[in-house]
Structures are given as C-alpha cells and as structure tokens.
1. For segment 272-299, name all the residues that are open to solvent by less than 30 Å² (accessible area, probe 1.4 Å) and within 20 Å of Gln380 (Cα to Cα).
2. Step by step: first the residues of segment 131-143, then only those that are among the aliphatic types (A, V, I, L, M) and in contact (Cβ under 8 Å) with a residue 40 or more places away in the chain, then the one that is surrounded by the most Cβ atoms within 10 Å (Cβ to Cβ). Which residue is that?
3. Has segment 300-313 got at least one residue that is in contact with a Leu (Cβ under 8 Å, 6 or more places away or on another chain) and surrounded by 15 or more Cβ atoms within 10 Å (Cβ to Cβ)?
4. On the given criteria, is Lys154 farther than 27 Å from Met64 by Cβ, buried (at least 24 other Cβ atoms within 10 Å of the Cβ) and within 13 Å of the ligand (Cβ to nearest atom)?
5. Suppose we filter segment 224-258 for residues that are more than 14 Å from the ligand (Cβ to nearest atom) and part of a helix (DSSP H, G or I); how many remain?
6. Take the residues in segment 351-378 that are without any contact (Cβ under 8 Å) to a residue 24 or more places away in the chain and closer than 30 Å to Cys124 by Cα; name whichever of them is nearest to the ligand (Cβ to nearest atom).
7. Name every residue in segment 224-241 that is open to solvent by less than 20 Å² (accessible area, probe 1.4 Å) and either out of contact with any strand residue (DSSP E or B) (no Cβ under 9 Å at 6 or more places or on another chain) or within 30 Å of Ser68 (Cβ to Cβ) (or both), in order of residue number.
Amino acid sequence: MQFSLTEEHLMIQQAAREFAQNELLPGVIERDNHQEFPDELVRRMGELGFLGMMVDPEYGGSGMDTISYVLAMEELSKIDASASVIVSVNNSLVCWGIETFGTEAQKQKYLPALATGQMVGAFCLSEPEAGSDATSQRTTAIDMGDHYLINGTKNWITNGKRAGVYLVMAQTDREKGHRGINCLIVERGTPGFEIGPKEDKLGIRGSDTTTLQFNDVRVPKENRIGEDGFGFKFAMKTLDGGRIGIAAQALGIASGAMELAVKYAKQRKAFGTEIANHQAVAFKLANMATEIEAARLLCLKAAYEKDQHKNYGLSAAMAKLYASKVANDVTREAIQVHGGNGYVKEYHVERLFRDAKITEIYEGTSEIQRIVIARAILEQAKVAVG
Ligand code: CAA
C-alpha cells in the first residue's frame with residue numbers, strides 16, 4: 001500500500017490551487033451575493049482542462065485519473081464551491097456518462113465541446129415527485145419509431161440555465177418500472193424544451209439550478225444512451241462516480257474552512273495571547289484536521305478503486321456520507337473560531353458554511369448513502385467469530 005501522490009498528481013494539485021487563488025478568489029463574494037454564474041471562469045476552466053479531466057485526449061479531454069480529479073476538486077472547492085459543482089457535474093455525470101456508455105457518434109459530437117468548456121452539460125434525474133425515490137419517474141419518453149416524444153418536468157437541475165446538452169431520464173414503458181426508463185440527450189433549443197427561472201438558494205449561489213419543462217420535445221432515437229431501458233442503471237452507475245466528485249467538493253469546503261480558521265487563530269489575540277494558544281481553540285483545530293484527513297482518505301480510496309476498475313459504489317457512498325458531514329461540522333466550528341467575524345461575508349467561512357449544506361443533499365442525500373452502504377454491507381456480511 002502506498003500513500004504518496006505521483007509527480008503528476010502534485011502538479012495538478014498545484015495548478016488547481018493556483019487557479020483557485022488567482023482566478024476564483026477575486027469576486028467570489030460578489031458572485032455569491034448576486035447569484036452570478038461564472039461564465040468567464042467556466043471558459044478558463046475549460047481551457048485549463050478542468051472540465052474534461054478524465055476524458056480521453058482523443059475527445060479533447062485531459063486523460064487524467066480519478067485521483068487527479070479529487071485533488072483538483074478539493075482545491076477548487078476550498079475557494080468556490082459554485083464553480084466546483086459545475087466542474088463536478090460536467091466531469092462525472094455528463095462527460096463520464098457519455099464516454100462510458102455513449103455511441104462513438106455521441107462521443108464525437110458532444111465530448112470535445114464539453115471537455116473544453118465550449119459548453120457545459122446537465123444531468124436531469126430529479127423531478128418534483130421523484131427525488132430520493134428516483135425510480136418513480138413521471139417524465140415520459142414515448143417511443144414514436146424513429147424518435148421519442150418527451151413530456152414532463154425536471155427540477156433541481158445544476159447548470160440548468162447554461163447547459164448546451166441535457167441527459168434526461170424518462171419513462172418509456174411504465175409496465176417495466178425502472179427497466180423501462182431511458183436516458184436521452186436533449187440539446188438546448190430543441191422546440192418544446194423550456195428552462196425555468198434560477199432558484200434562489202442558501203448556498204452554491206453562483207451555480208445555476210433550475211426547473212426544466214418538456215412539452216412534446218422530439219428527440220431522435222440516436223440520442224438514446226445505451227440499450228432500450230438502460231436509463232435507470234445509467235443514472236445509478238453515473239451517480240456512483242458523481243458521489244466521489246461531491247465528496248471531494250465537501251472535503252475542499254472543509255479544508256478551506258480549516259485553513260481560514262488556522263490562519264485566524266494564529267493572528268487573533270485574546271486574553272493576552274493568540275487564540276490558537278487557548279486549548280478551547282486548539283482542540284477544535286485538532287478535531288478538524290483529523291476529520292478532514294479521514295474524509296480525504298475515503299475520497300482517495302474511492303477514486304483509487306474507480307481507477308482500478310473495482311466496484312466503487314460502496315466507497316463512493318461512504319466518502320460522500322462522511323465528507324459531507326465533516327464539511328458541515330468543520331465550517332460550523334470554523335465560524336466559532338472566528339467569533340463575530342465568522343458571521344459576516346468578508347471572512348469567507350460564512351459562505352463555506354452555507355455551501356456545505358448541499359453536499360448532504362444532492363447526488364443522493366446522506367440517508368440515501370446510508371441505504372446504499374447498509375445494503376452493501378448486509379450483502380457482503382462475513383462473520384469472523386461465532
Ligand atoms: N449501479 C448499477 N445499478 C444499480 C445501482 C448502481 N449503483 N444501484 C441500483 N441499481 C439497479 C438495481 O440493481 C436495480 O436493477 P435490477 O432490478 O435490474 O436488478 C435497479 O437499479 C433499482 O434498484 P433498487 O431496487 O435498489 O431501487 P430502489 O428504489 O430500492 O433504490 C436508490 C434505489 C439507491 C435509493 C436510488 O433511487 C437512489 O440512488 N436515489 C437517489 C437519487 C439521487 O442520487 N439523486 C440525485 C439527483 S442528481 C443530482 O443531484 C445532480 C446534480 O445536479 C448535482
């Protein structure tokens with residue numbers, strides 16, 4: 001077993017850190033205040049290869065491994081979780097989904113633009129009445145011979161307003177239940193496809209989250225991903241990798257908050273000394289560092305298993321469950337270390353605290369992660385004694 005990163009990993013980590021410091025940090029408070037989507041920064045992240053990190057260079061991607069992706073996601077999320085969720089959805093849910101399960105024609109048509117930031121993609125599974133209970137799809141995709149006709153509503157769609165392509169899960173054959181669901185690639189501007197207003201959110205306010213409406217949207221058959229009825233499995237398999245990205249986002253939010261807390265504790269004086277010298281503060285920092293390291297190891301283990309083509313669904317669920325809890329705990333404690341200063345926008349921990357919450361909700365709530373974990377451990381149960 002090795003715990004060291006390669007030279008290449010260290011270079012990617014450093015590049016992401018520098019980009020986040022130099023280009024994401026300026027204006028991050030204003031983008032959060034005004035719910036401003038970072039169009040120009042998305043273009044830059046595309047140029048630098050962060051939007052198609054694991055995509056084969058043949059399709060315009062960076063051809064990196066999942067460990068590199070986790071390292072980059074941590075660094076970007078320390079500064080701007082709105083930017084990093086755009087990166088995560090584009091990489092894990094859209095590019096990976098198309099590259100792994102799409103036809104050659106689909107890969108050639110969509111991946112080069114998605115991997116280079118000429119456009120971003122969106123993943124459309126959730127509906128008003130199908131959130132955690134994702135098999136209950138009400139959106140329909142009726143088979144019309146050479147095309148499908150989509151009708152229904154999707155909500156909580158990240159990149160909803162800005163995406164160029166949307167991977168839409170919809171029910172073709174209700175009799176077959178989840179085995180009658182298809183995933184269809186819908187292009188922006190297709191007649192009958194309407195994008196709703198941006199949601200006014202607690203956190204990740206720079207990213208777009210919208211409702212989508214489909215009214216007799218005609219999608220050619222060649223836009224279906226995989227065999228007829230593969231859509232639900234496609235969504236589940238894709239989300240297994242997505243959960244590694246969101247776990248790494250949570251890790252970055254936590255480690256960003258800890259870095260700020262450490263810096264503040266070494267500067268701020270109370271009772272005649274820096275507050276870091278008070279055990280009440282030092283112990284908070286010790287807990288943060290330990291929990292963050294545990295979350296990091298879970299993220300890297302899940303990424304390693306994915307790179308080794310092992311089953312990684314269990315590790316991904318554990319990484320997301322734990323890292324999202326750590327993000328919420330650490331950001332709360334980082335505000336406490338900052339006292340009143342932590343409660344205002346200027347010191348950044350207030351934003352990280354708000355951004356942390358969503359990591360316990362999207363790409364499967366913490367309760368769903370526990371279902372996935374419990375099912376896996378009950379299936380694999382071995383008894384050493386007795
Ligand atoms: N990989 C492959 N197949 C899988 C799978 C996986 N990880 N998990 C489940 N499946 C398959 C099962 O094998 C089963 O297929 P068969 O019947 O053919 O064997 C089928 O899917 C249905 O599975 P279950 O019987 O387990 O279904 P369930 O209803 O009991 O539970 C669930 C499934 C795990 C709870 C699932 O509904 C789930 O993950 N829910 C959460 C949905 C979610 O994460 N939504 C996030 C929205 S996307 C988002 O947030 C993106 C964004 O914009 C940021």
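The values are calculated or read from the model by the stated rules, or taken from the named source; none is laboratory data. Quick caveat: nothing in here was measured; it's all calculated off a predicted structure. For neighbour counting, all protein chains shown are included, and Cβ atoms are generated from backbone atoms with ideal geometry for every residue, glycine included. Each accessible area value is taken on the protein alone, full model and side chains, heavy atoms only, with ligands, DNA and RNA left out. Shrake-Rupley method; radii C 1.70, N 1.55, O 1.52, S 1.80 Å.
1. Of everything in segment 272-299, nothing turns out to be open to solvent by less than 30 Å² (accessible area, probe 1.4 Å) and within 20 Å of Gln380 (Cα to Cα).
2. The initial filter retains those residues of segment 131-143 that are among the aliphatic types (A, V, I, L, M), namely 134, 141-142.
Restricting the remaining residues to those that are in contact (Cβ under 8 Å) with a residue 40 or more places away in the chain gives 134, 141.
Numbers: Ala134: 19, Ala141: 29.
This residue is Ala141.
3. No, every residue in segment 300-313 fails to be in contact with a Leu (Cβ under 8 Å, 6 or more places away or on another chain) and surrounded by 15 or more Cβ atoms within 10 Å (Cβ to Cβ).
4. Values: farther than 27 Å from Met64 by Cβ: yes; buried (at least 24 other Cβ atoms within 10 Å of the Cβ): yes; within 13 Å of the ligand (Cβ to nearest atom): yes.
In short, yes.
5. Qualifying residue count, segment 224-258: 8.
6. Let us first name the residues in segment 351-378 that are without any contact (Cβ under 8 Å) to a residue 24 or more places away in the chain, namely 361, 371, 374-375, 378.
When the remaining residues are screened for being closer than 30 Å to Cys124 by Cα, the result is 361, 371, 374-375.
Details: Ile361: 8, Ile371: 5, Ala374: 11, Arg375: 7 Å.
Only one residue fits best here, namely Ile371.
7. Just the residues of segment 224-241 that are open to solvent by less than 20 Å² (accessible area, probe 1.4 Å), to begin with: 225, 229, 231, 234-235, 238-239, 241.
Ile225, Gly231, Phe234, Ala235, Thr238, Leu239, Gly241, listed by residue number.
Conditions tested, residue by residue: (1) open to solvent by less than 60 Å² (accessible area, probe 1.4 Å); (2) in a loop (DSSP other than H, G, I, E, B); (3) among the hydroxyl-bearing types (Ser, Thr, Tyr).
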position	(1), (2), (3)
His178	no, no, no
Glu194	no, no, no
Gly206	yes, yes, no
Leu212	yes, no, no
Asn215	no, no, no
Val219	yes, no, no
Glu222	no, no, no
